[in-house]
Amino acid sequence: MARKLAAGNWKMNGTTAALAEVAALTAAIEAETCEVLLCPPATLISRMADMAQGSGLMIGGQTCHPNGSGAHTGDISAAMLTDAGASHVILGHSERRADHGETDEDVAAQTAAATGEGLIAIVCVGETEAERDAGVTLNVVSTQLAGSVPEGTDLAKLVIAYEPVWAIGTGRTPTLEQIAEVHDHMRAELTERFGQGAHNIPLLYGGSVKQSNAAEIFAVSNVDGALVGGASLKAADFSGIVSALSGA
C-alpha cells in the first residue's frame, strides 16, 4: 500500500514571523502516523529544515529548474533544494503551468532532475473548469501523467497529486464520486505503465481541502493524502487535516 502523506503548499506566503507555525505544527503532529510535509517559499526552506530536525515534519520546495546550475536568474536547482534541507519538491502545479508556461515536457525534465538528486517529486495534474465541463477530465489527466513522469523514474521517489484547477482556492470541491473516478483512473494508468510497483505511489488530492471535509476525502478509493494550500498556513488548521489522515 502507498504511504499516507499530508503535504502543505505555502505558495508565495510566509516570512520569518511564520516560522512560529512550524514549532506549533511539530508539537501537534508528534503522535500522528502519516507523513507530514511543508513546502514553504525558498527563503524559508533552510530555517524550516533546521527547526524540523528530529521531528516528524519534512520540508520541501515548490519547484526546481531542470538544470543543475547555470545562467538562470531567479531559479533554484534540485541540488540547491537538497542543500537547503528539502526532501521533496512540488512540480507541475497548475499555477506554475499557467503563470510560467510550464509544459508536460518541462515537468518531466524537472522530475528527472529532482529524483536524480534524491528528492521526492510531487507531480501535479488536473483539469480546468472548461475541460471538466467538456467531459475530457480523464483524457487530460492521462495526457499529463504520460507527459510529466519520465521513463525510468524511481517510483519510490514519486508522488502524484490530482488538483482540479477549478477547485484550487475557490472553496469548491469535486464530489467524492468525481475524486474517486480520477484517482482510480490514475492508479490504473500508472499500474499499466509501471506494473504492480505503482500501487506504492501515493496519490494525493488537492483543491480546497480543509478540516471539515478531510475525513470524507481520505475515505475515497485510492486517495492516500492531500496537497493542501491555504489550510496549511496555520498549524491549528493543518494539524486537523493531518489527524484526519492518520485516522483514515
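The values are calculated or read from the model by the stated rules, or taken from the named source; none is laboratory data. Given the structure is predicted, the values throughout are model-derived calculations rather than measurements. Virtual Cβ from ideal backbone geometry, glycine too; neighbours counted across all protein chains shown.
Couple of notes before you dig in:
- Top-ranked residue in region 193-217 [being of a type in the set (Ser, Thr, Tyr) and surrounded by 15 or more Cβ atoms within 10 Å (Cβ to Cβ); ranked as nearest to the chain's Cα centre (by Cα)]: 205
So that you can scan it fast, the table gives a plain yes or no per residue for (1) more than 24 Å from residue 50 (Cα to Cα); (2) crowded, with 20+ Cβ neighbours inside 10 Å:
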residue: 83; (1), (2): no, no
residue: 97; (1), (2): yes, yes
residue: 104; (1), (2): yes, no
residue: 123; (1), (2): yes, yes
residue: 126; (1), (2): yes, yes
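- Subset tally (residues that are more than 17 Å from the chain's Cα centre (by Cα) and more than 25 Å from residue 84 (Cβ to Cβ)) for region 116-155: 19
Let's see how each residue does on (1) at pLDDT below 95; (2) within 20 Å of residue 95 (Cβ to Cβ); (3) outside any strand (DSSP E or B); (4) of a type in the set (S, T, N, Q):
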position	(1), (2), (3), (4)
140	no, yes, yes, no
169	yes, yes, yes, no
189	no, no, yes, no
214	no, no, yes, no
223	no, no, yes, no
239	no, no, yes, yes
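- Search result, residues across region 225-237 that are closer than 18 Å to residue 62 by Cα and part of a helix (DSSP H, G or I): 230, 231, 232
- Test: residue in region 162-180 that is among the β-branched types (Val, Ile, Thr) and touching a Leu at 6+ places or on another chain (Cβ under 9 Å): no
- Taken as a whole, region 194-201 holds no residue that is touching a residue at least 40 places away in the same chain (Cβ under 8 Å), in a loop (DSSP other than H, G, I, E, B), among the aliphatic types (A, V, I, L, M) and closer than 20 Å to residue 128 by Cβ.
- Picking from residues in region 128-154 that are of a type in the set (A, V, I, L, M) and crowded, with 17+ Cβ neighbours inside 10 Å, the one that is farthest from residue 117 (Cα to Cα) is 140.
- Among the residues of region 3-24, just one is over 16 Å from residue 36 (Cβ atoms) and charged (D, E, K, R), namely 11.
Residues checked against (1) touching a strand residue (DSSP E or B) at 6+ places or on another chain (Cβ under 9 Å); (2) surrounded by fewer than 21 Cβ atoms within 10 Å (Cβ to Cβ):
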site: 191; (1), (2): no, yes
site: 219; (1), (2): no, yes
site: 223; (1), (2): yes, no
site: 231; (1), (2): yes, yes
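- Against the criterion of being over 19 Å from residue 202 (Cβ atoms) and surrounded by 14 or more Cβ atoms within 10 Å (Cβ to Cβ), residue 22 qualifies.
- Residue check for residue 191: touching a His at 6+ places or on another chain (Cβ under 7 Å), over 23 Å from residue 10 (Cα atoms) and of a type in the set (S, T, N, Q): yes
- Remark: pairs (first residue in region 129-147, over 14 Å from residue 179 (Cα atoms); second residue surrounded by fewer than 16 Cβ atoms within 10 Å (Cβ to Cβ); Cβ separation under 7 Å; 6+ apart in sequence or on different chains) = 147/105.
- Answer residue from region 65-80, given it is surrounded by 14 or more Cβ atoms within 10 Å (Cβ to Cβ) and not β-branched (Val, Ile, Thr) and is farthest from the chain's Cα centre (by Cα) among those: 67
- Filter pass, residue 46 being part of a loop (DSSP other than H, G, I, E, B) and surrounded by fewer than 20 Cβ atoms within 10 Å (Cβ to Cβ): no
- Helices (runs of 4 or more DSSP H) enclosed by region 73-120 - at least 3 residues per element that are in contact (Cβ under 8 Å) with a residue 24 or more places away in the chain and touching a Cys at 6+ places or on another chain (Cβ under 7 Å): 104-116
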